[in-house]
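*Asks:* Got a structure here, written out as structure tokens. Questions coming.
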Amino acid sequence: MKINDEIMKFKGQLDSTNSIALISHLDPDGDNLGSLTGLSKSLVKFGKKVYPIEFDKIPENLKFLPNLDLLSDNIDINIDMIICLDCANYERLGMIDDLFNRAKYRINIDHHQSNEFYGQVNIVKKGYSSTCELVFDVIKELNLPIDEEISMSLLTGISTDTGRFLYSSTTSDTLSKASALIDYGADMIKINELIYQSKKFNAQLLENEILSNTEIYSNCVAIGFVSTDQLIKYNVEVSDIDSVINTFRDTNIIKISVLIKQQTENEYKVSFRSKGNIDVGIIAKNLGGGGHKNAAATRIKADYETVLNNIKKEIDRYGLCN
Ligand SMILES: [Mn+2]
């Protein structure tokens with residue numbers, strides 16, 4: 001299916017739609033919240049009744065995003081359409097079966113390699129930098145409203161999902177659109193300062209501890225770990241120390257950086273980062289998760305030793321350091 005045909009199908013359905021639920025994946029991030037708030041505001045200005053849905057806590061450094069006050073966890077609503085943003089598969093949206101099934105139109109807008117085309121309309125560009133870049137295309141294609149707040153939301157998602165325009169998904173088109181968003185009023189200096197230069201001091205102290213205990217595996221993989229006890233000790237949220245994974249990736253010998261985050265006694269969230277063409281999306285997928293070439297994640301229910309061994313096995317299978 002052609003992406004423009006899908007966008008036109010979406011337009012046809014939008015014309016006969018009054019109320020719309022918008023939702024994204026659990027564990028909100030910049031692209032998730034940027035696309036959710038950006039498209040919601042645009043559709044409000046377009047005259048639609050919108051219900052952006054959020055079940056989880058908003059990470060501290062994304063609380064500056066405009067229109068977060070529109071978000072609610074109430075799904076007892078009457079809607080014609082549901083738009084699912086930045087979510088590769090239906091399960092990661094949360095428990096929304098009833099709402100999803102009641103919607104006459106189901107739209108899936110996403111850029112994950114592993115997207116499962118669970119919508120009736122699937123505006124999916126695999127390998128694209130971000131859902132926010134795709135939402136910008138949709139807004140331009142359909143002449144939907146755009147303003148300073150919408151552009152702020154969209155630029156935030158493009159910036160965070162490209163690791164500040166660092167990942168190989170950053171194309172000249174991505175940069176042109178980022179430039180256009182600045183012209184529409186997005187304040188990139190504010191985004192940079194609030195997202196990348198406002199780390200809690202205690203989070204830095206915990207990051208130092210994580211870094212000093214990081215294992216270097218096969219000479220080219222860094223594997224760090226953070227426990228729930230450490231988070232309590234330093235009084236920070238796990239989202240406060242997410243960027244620690246980039247520290248080792250950005251050194252000369254490291255090709256893949258891994259951060260194992262304890263969730264409960266025997267459940268771990270594992271994040272992966274890589275450089276250039278090294279595809280950690282495949283490694284995460286083989287471990288039951290997903291994501292992108294340079295940034296991916298999974299959740300594993302097992303004891304720590306098993307988790308660590310499974311990760312090493314998948315890295316060996318990928319054959320990177322041989
Ligand atoms: Mn994304």
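The values are calculated or read from the model by the stated rules, or taken from the named source; none is laboratory data. Note that this is a predicted model, so its numbers are computed, not measured. Methodologically, a virtual Cβ is constructed for each residue, glycine included, from the backbone with ideal geometry; neighbour enumeration extends over all protein chains shown. Just so you know, the surface numbers come from the protein's heavy atoms only, side chains and all, with ligands and any DNA or RNA stripped out. Shrake-Rupley method; radii C 1.70, N 1.55, O 1.52, S 1.80 Å.
*Asks:* Keeping to region 120-132, report how many residues are within 16 Å of the ligand (Cβ to nearest atom) and surrounded by 20 or more Cβ atoms within 10 Å (Cβ to Cβ). Steps first, please.
*Replies:* Of the residues in region 120-132, the ones within 16 Å of the ligand (Cβ to nearest atom) are 122-132.
So of that shortlist, the ones also surrounded by 20 or more Cβ atoms within 10 Å (Cβ to Cβ) come out as 122-124, 128-132.
Qualifying residue count for the region: 8.
Let's see how each residue does on (1) touching a helix residue (DSSP H, G or I) at 6+ places or on another chain (Cβ under 8 Å); (2) open to solvent by 10 Å² or more (accessible area, probe 1.4 Å):
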site	(1), (2)
I75	yes, yes
E91	no, yes
I109	yes, no
L142	yes, yes
I158	yes, no
D161	yes, yes
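*Asks:* Also, quick follow-up: Of everything in region 8-46, what is open to solvent by 10 Å² or more (accessible area, probe 1.4 Å), touching a residue at least 40 places away in the same chain (Cβ under 8 Å) and part of a helix (DSSP H, G or I)? Give them in sequence order.
*Replies:* Matches in region 8-46: K9, K11, Q13, K41, K45.
*Asks:* Filter region 190-211 down to residues that are among the aliphatic types (A, V, I, L, M) and within 13 Å of K63 (Cα to Cα) and give me whichever is most open to solvent (accessible area, probe 1.4 Å). Show your work before the answer.
*Replies:* We begin by selecting, within region 190-211, every residue among the aliphatic types (A, V, I, L, M); these are 191, 194-195, 203, 205-206, 210-211.
Those still in the list that are within 13 Å of K63 (Cα to Cα) too: 191, 194-195.
Numbers: I191: 1, L194: 57, I195: 23 Å².
Result: L194.
*Asks:* Separate question: For region 22-54, what are the residues that are within 13 Å of I109 (Cβ to Cβ) and either aliphatic (A, V, I, L, M) or away from the ligand (no atom under 14 Å from the Cβ) (or both)? Can you show your working first?
*Replies:* Narrowing region 22-54 to residues within 13 Å of I109 (Cβ to Cβ): 22-25, 31-32, 34-36, 38-40, 42-43.
L22, I23, L36, L39, S40, S42, L43, listed by residue number.
*Asks:* Name the single residue that is most open to solvent (accessible area, probe 1.4 Å) among those in region 264-294 being in a strand (DSSP E or B) and within 14 Å of G163 (Cβ to Cβ). Walk me through how you get there before you give the answer.
*Replies:* Applying the first criterion (in a strand (DSSP E or B)) to region 264-294 yields 264, 267-274, 290-291.
In the following step, the residues that additionally are within 14 Å of G163 (Cβ to Cβ) were identified as 271-274, 291.
Values: S271: 10, F272: 0, R273: 49, S274: 3, G291: 13 Å².
Once the filter is applied, the top-ranked residue is R273.
*Asks:* Could you say whether any residue in region 138-152 is within 12 Å of the ligand (Cβ to nearest atom) and among the polar types (S, T, N, Q)?
*Replies:* As a first pass, look at region 138-152 and keep what is within 12 Å of the ligand (Cβ to nearest atom): none.
Within region 138-152 (the criterion being within 12 Å of the ligand (Cβ to nearest atom) and among the polar types (S, T, N, Q)), the answer is no, since none of the residues qualifies.
*Asks:* Could you check, for region 297-316, whether at least one of its residues is touching a Cys at 6+ places or on another chain (Cβ under 8 Å) and farther than 21 Å from P59 by Cβ?
*Replies:* First, pick out the residues of region 297-316 that are touching a Cys at 6+ places or on another chain (Cβ under 8 Å): 315.
Filter once more, keeping what is farther than 21 Å from P59 by Cβ: 315.
Yes; the residues of region 297-316 include at least one that is touching a Cys at 6+ places or on another chain (Cβ under 8 Å) and farther than 21 Å from P59 by Cβ.
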